[in-house]
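This report concerns only the one structure given below.
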Amino acid sequence: AALATYELLAADGETASDRAEALWNLAAVARELRNEAREQSALRDLIVSYPSHDRALEALNSATPAGAAERAYVLFRHRANADATSAYQPLAADANPVVSGDAHYYLGILAERAGDPGQALNEYGAAVAALSGTSSPLLGDAHWDRGLVFEASGRLDEAELDFAAVADVAPGHANAAEGLFRAGLIRYRQGLPADATTLWSRYVQVAGSEASRAEFWLAQAALAQGDFFAQTQHLQAAVDSGPLSYYGLRARAVLDQEAPDDDPPAAEAGVPDWVALEAWLVAKYGAEDQAKWQSFAATPAWLRGQELLDAALFAPAFNEIAPLADAAGDPWVRYRIARAMYEAGRVRLAARAAQPLIGGAADAPDALYALVYPARFADQANTAADIEGVSPFLLLALVRQESFFDETAVSSVGALGLTQVMPATAAEIAADLEIADFKDGDLLDPKTSLRFGAHYLAEQLEGFGGNVHAALAAYNGGPGNAGRWADASAGDPDLLLEAIDFSETRLYVEVVLQNYAIYLYTYGNADHASLPLP
């Protein structure tokens, strides 16, 4: 019976970890039943299908089910670097080019882990040579990783060739499009805008959701070549393909030759204009079919969500209502969900329901933007921003990304409150502000969190000479890293964004600045959303 139960769990467990654990237990039961074949089969499945699970490493020592490549890969995934290197070295001499090439690729990563970029380049080169002409998915990886090492070593011409090669040898690779972009950026920074244009013209064909980024940089290359007509065309294409994206907002500012104005001193937030929003919905989607909302409002999940909200059980309520907000197809139902959640103080759920109504367009009414980009705690944010000398709109944009206005938010690494300040950083801020009785739990108070977040943001802005990109990069990725990225960008904020090599930080800076532009439009004096920079 236990064996049958673990068989089911191994096939249908809710998570990969559950399925891996079931295989481990299945092998143990099979061993008790002296069913060696089933034990070996379960251990092989564990090693091959879940190499990163702790049990996979144990399985290597429990029996001998693993092939040499599978064994080496498990050791690699568990960062048993010396053992993994020893396991891959004989495989690198295998007569099969795929086995050999894959082994060289992993030996390249292991060399990087050991701090030996020269050996890493040798191994990646051997991997490229062995895998060329094969269908191994690691051929694109080998070009990409070798390009990164070349770039870090200052060998930019070789890096450009490798980055561009990813799209040639593995057009379906996850980094195929990004390789073309990075190759173009290298040429652009080398003062070769015509070469950059060639690469970015290929990039725009495969950029998909990144089309506005491709068009924005094609505009920069056109400007560098003095082709102002092409620059205008590409800027307009960037706006058209993503008007509310970072690059669409930047393109709009460049296209209109906008210079940044001083932000208003305060964000004046009020209740969304429901009448105006409903009039827009009628004009765009037609009159509301009230029967659809009545039917939706009677569903068990919605009723459970309402009861959980009434009981102040906000996390379970979110889990009930969020899927409903995601699945709602009728725009009027979305509106009703969003309005109900806004009026219940659940601004994150309101925004989640209302976001698709904007649809990436720039012509939605202010009331809809106020739902998707709420200004909760605006008074406290205005006060903190005024004391610390930062923009209240930038502070609200940061809070939207950090915690989405959940004052009780606690991250997986221990950051707390609206502005997600780490306790160690908060202790330093408390000392700066001469707050003697500060406790970590104080960060869950909105006033305190906003003041501490504004203070830390102001420090970063001052440290980086007012460079908002660098300050936000420092807020998320640390001042030391931000300094490295700022140095690499030579003072160009757009290049600084591209220089950020932490994917989380890069996205963070992009999204906060996107939020910032939309907050200024929604609550400030801007008559359209754009992102002018000094």
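Quick notes
- Selection from LEU457, PRO300, LEU495, by position along the positive dipole direction of the chain (Cβ): PRO300
- Only DSSP H runs of four or more residues enter the estimate; each adds -39500 (n - 2.57), and after division by the residues of the chain the mean residue ellipticity at 222 nm equals -22000 deg cm²/dmol.
- Taking every C-alpha pair closer than 8 Å and separated by at least 6 residues, the mean separation divided by the residue count of the chain gives a relative contact order of 8 percent.
- Only one residue of ALA2, ALA338, PRO243 has its Cα farthest out toward the positive end of the dipole of the chain, where Lys and Arg carry +1 and Asp and Glu -1 on Cβ, and that residue is ALA2.
- Surface per residue (accessible, 1.4 Å probe) for the stretch 407-504, Å²: 44 Å²
- For the pair THR134 and ALA93 in one chain, pulling the backbone fully straight at 0.36 nm per residue adds 13.1 nm over the alpha carbon distance.
- This model, with +1 at the C-beta of Lys and Arg and -1 at the C-beta of Asp and Glu, gives the stretch 411-474 a dipole about its Cα centre of some 220 debye.
- Charge dipole (Cα centre; +1 on Lys/Arg Cβ, -1 on Asp/Glu Cβ; no other charges) of the stretch 323-477 amounts to roughly 760 debye.
- Residues in the stretch 334-365 reached by a label modelled at SER295 [backbone nitrogen below 12 Å; 7 Å Cα→Cβ]: none
- Where labels lie 7 Å past Cα in the beta-carbon direction, separation of TYR285 and ARG79 in nm: 4.7 nm
- Straight-line reach from LYS292: taking Cα to Cα under 29 Å and skipping same-chain neighbours fewer than 8 places apart, the lysines in range are LYS284.
- Positive dipole terminus of the chain, leading residue within ASN175, TYR50, ALA224 (C-beta point charges): TYR50
- Using θ = phi - 60° and Karplus 6.51 cos²θ - 1.76 cosθ + 1.60, couplings along the stretch 523-532 (whole Hz; Gly, Pro as x): 10, x, 9, 5, 9, 7, 8, 7, 9, x
- Rounded to the nearest 20 debye, the dipole magnitude of the chain is 1100 debye, with +1 charges on Lys and Arg beta carbons, -1 on Asp and Glu beta carbons, and the Cα centre as origin.
- For ALA230 and ASP501, a Förster radius of 35 Å and the Cβ-Cβ distance give a FRET efficiency of 0.70, rounded to the nearest 0.05.
- Net charge of Cβ neighbours under 13 Å - reference ALA529; Lys, Arg +1; Asp, Glu -1: -3
- Note on LYS439: lysines with a C-alpha under 26 Å away, same-chain residues under 8 apart excluded, are LYS447.
- Once you reduce the stretch 192-242 and the stretch 375-393 to the center of their Cα atoms, the two points are 37 Å from each other.
- Using the average count of surrounding beta-carbon atoms within 10 Å as a protection proxy, the listed peptides 114-125, 132-143 rank, highest first, as 132-143, 114-125.
- Accessible carbon and sulfur surface of the chain relative to its total accessible area, %, 1.4 Å: 51 percent
- For the stretch 461-474, 3J(HN,Hα) computed residue by residue from phi via the Karplus equation (6.51, -1.76, 1.60; θ = phi - 60°) reads 4, 5, x, 10, x, x, 6, 5, 4, 5, 5, 5, 4, 5 Hz, glycine and proline entered as x.
- Using θ = phi - 60° in the Karplus curve 6.51 cos²θ - 1.76 cosθ + 1.60, the 3J(HN,Hα) couplings for the stretch 10-27 round to 5, 8, 10, x, 5, 10, 4, 5, 4, 5, 5, 5, 5, 4, 4, 5, 4, 4 Hz; x is entered for Gly and Pro.
- The packing ranking of peptides 26-34, 393-401, highest mean first, is 393-401, 26-34, where packing means the average number of other beta carbon atoms within 10 angstrom of each residue.
- Ranked by how many other beta carbons lie within 10 Å on average, peptides 293-301, 501-509, 373-381 from highest: 373-381, 501-509, 293-301
The values are calculated or read from the model by the stated rules, or taken from the named source; none is laboratory data. Note that this is a predicted model, so its numbers are computed, not measured. Note that we place each Cβ from the backbone using ideal geometry, even for glycine, and neighbour counts take in every protein chain shown. Just the protein is used for accessible areas: all its heavy atoms, side chains included, with ligands, DNA and RNA removed. Shrake-Rupley method; radii C 1.70, N 1.55, O 1.52, S 1.80 Å.
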